[in-house]
Structures are given as C-alpha cells and as structure tokens.
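Engineer: Quick one: structure below, then a few questions.
The values are calculated or read from the model by the stated rules, or taken from the named source; none is laboratory data. Since the model is a prediction, treat every value here as computed from it, not as a measurement. Reconstructed Cβ throughout: ideal geometry from the backbone, glycine too, with neighbour counts over all protein chains shown. Heavy atoms of the whole protein, side chains included, go into the accessibility calculation; ligands, DNA and RNA do not. Shrake-Rupley method; radii C 1.70, N 1.55, O 1.52, S 1.80 Å.
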Amino acid sequence: MAEEHILDQFQQENNAEEEVDNRLVQPLMEIFPEACPQFLRQICKGKRHSPDVLNSLMGEVLDVDYPKRRKTESAPYRLNASEQLELMKSILVDADPEYLQMHSDRLIDNPDDLKAFVSQAIETRNYPTLKKYLRKKQLSAQQNQYTSEFSVAKFLEVIPDPFQYFADSKRKVGELDYRSHNYAMYYLRNKFAMVQLRSIRECFIKNKEGLLATCKELENYPPSKRMASKRGKVAMPSIIQNIPLLQEIAFYDHQEEITQFLSQRKLQEEMERKQAKAAGLLQTCACCYDDEIMPNDIASCEAGCMFCKYCVRKSAEIAFGDGKLDFPCLGDCESHFTLPVLQDVINPKMFSVIASKKQVEEVKAAGIEDLETCPFCDFAAIPARDDKLFRCLNPQCMKESCRMCKEPSHVPLRCDEVEKDEDVKDRTYIENKMTEGLLR
C-alpha cells in the first residue's frame, strides 16, 4: 500500500510539471504578440502564476532570440458582383450600364480578364455609350406611352388640343423611312381589312404618306368597291422609333376616348366655375383685367401679384425668345416669377431649357475656381488639373473635348497637329486645283 501511495504522488507531481498555467501564457502573448505561442507555452510548463515568476519569464524571453509567430498570407480580396459593376461604372463613366453589367457578370471570377477588358475599353473607347442608352430608354418610354401604356390624360399633357394639332396643315411631318412606312402599311391593312391592299397603298401614296389623311379617305371608301369578306389580321412588326407616327396612330385609335374625356373635363370646369362664381372666388388678372379667372388658373410673382396663366406664359415665351432668363413681374413691383411658377405655366420642353441655362448661369456667377464648361453644351464641371480632356456628362451631349483648343478630342495628336475645318477646305481646294492642272 505504501508503494502505491508513493507512485500516485509521483504521477501527480509529474502531471503538474506538464500542466501550463494560462495566467502566465496569456500576459506573455499580449506582451510579445510576434512570439510563437508554442514557445511561450513551453517555457511556462511546470510554473505557477506569481508576479515574480512572470517577471522572470519576461526576462527569459528578452534574453533569447525567440521564435516568431508564423505569418499566414491572407487571400487577395475579391470584389462581389455589385462592387465590381460600380468600379467599372466609375472608370467608364460614359459607357452603357447594361453593356457594363453584361461584361461584369461574364468576368466576375476573372480579375486578369477584367483588367484587360477595362484597359482596352479606355484605350479604344469602342463601346456603347451612356448617351445612346439614355436615348434608348427615353425612346422606349415614349413608345410605351403611345402603345401599351396609353393614357388619355398623359396624351393630352403632351398634345393639349389634338384635334387642332393634327388638323393643322402647317404641322411638320417628316418623310417616313422604310421601317415607318412598313409599320404604317401593316397598321392600315389591319385597320381597313375589307379594302384591297393595292387600294390602301395607292391611297397612302396619294396622301403623301399622311396616315390620318389616308385613314379619313379609307373610312369613306365606297362599299361597292370593298371586298366581300374581311382579310385576316397580321402581326405588327417590331415597334418603331418614329414617335410622331405613333402619336398619329394613338390619336386615331383613341379619338372617341379623347372626345369623351375632353367633354367631361369641360363640363367639370363649367360646374366648378359656377360654384366659384357663386362663392365669390373668381380672380382678376392684373395684366389683361379678365375678372373671371379660376383660382387654379392664377399665377403669382414673389410679391403676390396675381395674373392669369395665359399672360404669364406669353410674357415668359417673349422674354425667352429675346434670350432673357429673368422673368419680371408684369405689374409695377420689382419681383420675379419663380421657377416652380414657370414650370406650372410653360410647356415642359421650354422649362427644361430655361432651368438648365439658369443653373449654368448661377454656377458661373459663383466664381468657382477651375470651373470649365463643355464647348458643345452648357454642362459645367471641375476636371482634374492633369487631365487634358473635358468629359461632358450631359446625357444629351457626352462629348470629349480638348481643354486647350476646345475642339473634339484629338488624342494622341497635339493641338497644332490637328487640321481645322478651314485648313481642310484650303488644302482640299489646293489639291483639287493641282489635280486639274496635272490633268490639263
């Protein structure tokens, strides 16, 4: 029994020597973060925590060239899909975002190929542009506005009096291209299914490809000349980009709805006018002195002078026609009409031009250092000092121009190496004369 007790005591002492006190290891790992953790555990074996022991171990570590912690190289950070697309957009700012999205998805796990693609794109600039993309989106929205998403209210916002507009003989109608001509013919053959195709074609040509005039004539086509049965409908070709033609088709297809909408709106306005008159709410225009103006047809200057929208609109159109961007009150006060008031009065296209020009003027008046303007539009920006090109981000322009000569980008040629239009004309003239001399 005595022998067994001695053996157990020996094993306990041996195990204690093998145990590591973490109260010693942890402070040493914090003090020596670069030291190998295994080395620190080794020197702490068999020792118990106390301030003297810890100080002794610190001295022991400092006295030797202790082994360092093995460094593990972290894997290179990979961009996720959205980060990669945003990076490409920030580099190729004038590129079609759908085009970038397509190539971003294709190159998501190929950083080398992505780098090569971006480098080549910067060098050649041979990619679909943001300007064309925005134009395509705008065109698509307009196409839907007159086809699948037609709304009488929205149609009347663009063309307030469509009956007068389409009946105007002075209305400019461009010549139809092949696609538009083909689209119109498909529409006419489906619309007038009991008239022979030859007669439709002759009528269309006789009316100089005017769709509404052709439709009006075919409506009155003699019954005796009509076919005995209806011709089967054919699928319309893909949607065209000719917005004026789509407007004519939409107007012809929805004439009854437009007439009904205008009649209801007129009745509503008359009823509201009677109610406003009975309540004494009618206003007087301080310009034309019409004293029966509805409250919602009144526009005010900043000082509160009240005018009818017609007078304000006409004065704004005249001022803008004279090249002015200030629209003073029509009365005796010195205030002006604000942009929100003008937006409610004039047509959207004119307001857009006025707003953009006023914005450019305000930016220029601020005297911002290094501010530059695109030579081809009113877009202003502050390019980098070492950048030789001015990149316009106006969706309607998107041109790159030389900051020195203000001409379209001619990289890698210097300004004096680029022939101007006058130089080309002079050189061509001389070359032609020399050629004539040689021929003689």
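Engineer: For the chain, what's the relative contact order in percent, using C-alpha pairs closer than 8 Å and at least 6 residues apart?
Structural biologist: Contact order relative to length: 7 percent.
Engineer: Once the piece of chain linking K206 and K277 is laid out straight, how much longer is it, given 0.36 nm per residue of separation minus the C-alpha distance between them?
Structural biologist: 20.3 nm
Engineer: Please compute the modelled spin-label separation between K349 and E372, points set 7 Å along Cα→Cβ, answer in nm with one decimal.
Structural biologist: Each label point lies 7 Å from its Cα, and together they span 3.3 nm.
Engineer: Each label point is 7 Å from the Cα along the Cα-to-Cβ direction; what then is the distance between the points at V20 and Q120, in nm?
Structural biologist: About 5.5 nm, to one decimal.
Engineer: Going down the list K89/K388; K137/K324; K309/K364; K314/K357, which pairs span over 26 Å between their C-alpha atoms?
Structural biologist: Table pairs above 26 Å Cα-Cα are K137/K324; K309/K364.
Engineer: Moving on to the next point. Given the options L197, P37, L212, identify the residue whose Cα lies farthest towards the positive end of the charge dipole of the chain (+1 on Cβ of Lys, Arg; -1 on Cβ of Asp, Glu).
Structural biologist: Of the options given, the answer is L197.
Engineer: Pop out the carbon and sulfur fraction of the accessible area of the stretch 247-296 as a percent, whole number, probe 1.4 Å.
Structural biologist: 50
Engineer: Would you look at the GNM of the chain, springs on alpha carbons closer than 10 Å, and say which of L156, L40, L245 moves the most?
Structural biologist: L40
Engineer: Now for a separate question. Which of D291, D386, D378 moves the most in a Gaussian network model of the chain with Cα springs under 10 Å?
Structural biologist: D386
Engineer: Rounded to the nearest 20 Debye, what is the dipole magnitude of the chain about its Cα centre when Lys and Arg each give +1 and Asp and Glu each give -1 at the C-beta?
Structural biologist: It works out to roughly 3460 debye.
Engineer: Probe of 1.4 angstrom, ligands and nucleic acids ignored: what's the accessible area per residue over the chain, in square angstrom?
Structural biologist: Per residue, the chain has 70 Å² of solvent-accessible surface.
Engineer: Taking the Cα centre of the stretch 254-348 as the origin, how large is its charge dipole in debye, to the nearest 20, when only Lys and Arg (+1) and Asp and Glu (-1) carry charge on their Cβ atoms?
Structural biologist: Roughly 180 debye for the stretch 254-348.
Engineer: Set Lys and Arg Cβ to +1 and Asp and Glu Cβ to -1, take the dipole of the chain about its Cα centre, and tell me which of V118, P223, A95 lies farthest positive.
Structural biologist: After comparing all options, I get P223.
Engineer: Which of Y146, L188, F327 sits closest to the plus end of the dipole of the chain, meaning its Cα is farthest towards the positive end, when Lys and Arg get +1 and Asp and Glu get -1 on the C-beta?
Structural biologist: After comparing all options, I get L188.
Engineer: If you build a Gaussian network model of the chain, linking Cα atoms that sit under 10 Å apart, which residue out of E30, E334, E219 swings the most?
Structural biologist: Comparing E30, E334, E219 in a Gaussian network model of the chain, the most mobile one is E30.
Engineer: Test of the criteria: in the stretch 196-298, which trypsin sites (Lys or Arg not before Pro) are in a DSSP loop and have at most 14 other Cβ atoms within 10 angstrom of their Cβ?
Structural biologist: Of the trypsin sites (Lys or Arg not before Pro), the ones in loops of the stretch 196-298 whose Cβ has at most 14 other Cβ atoms within 10 Å are K208, K230, R231, K233.
Engineer: Below 8 Å between Cα atoms, with a sequence gap of 6+, how large is the relative contact order for the stretch 80-204 in percent?
Structural biologist: After rounding, I find 17 percent.
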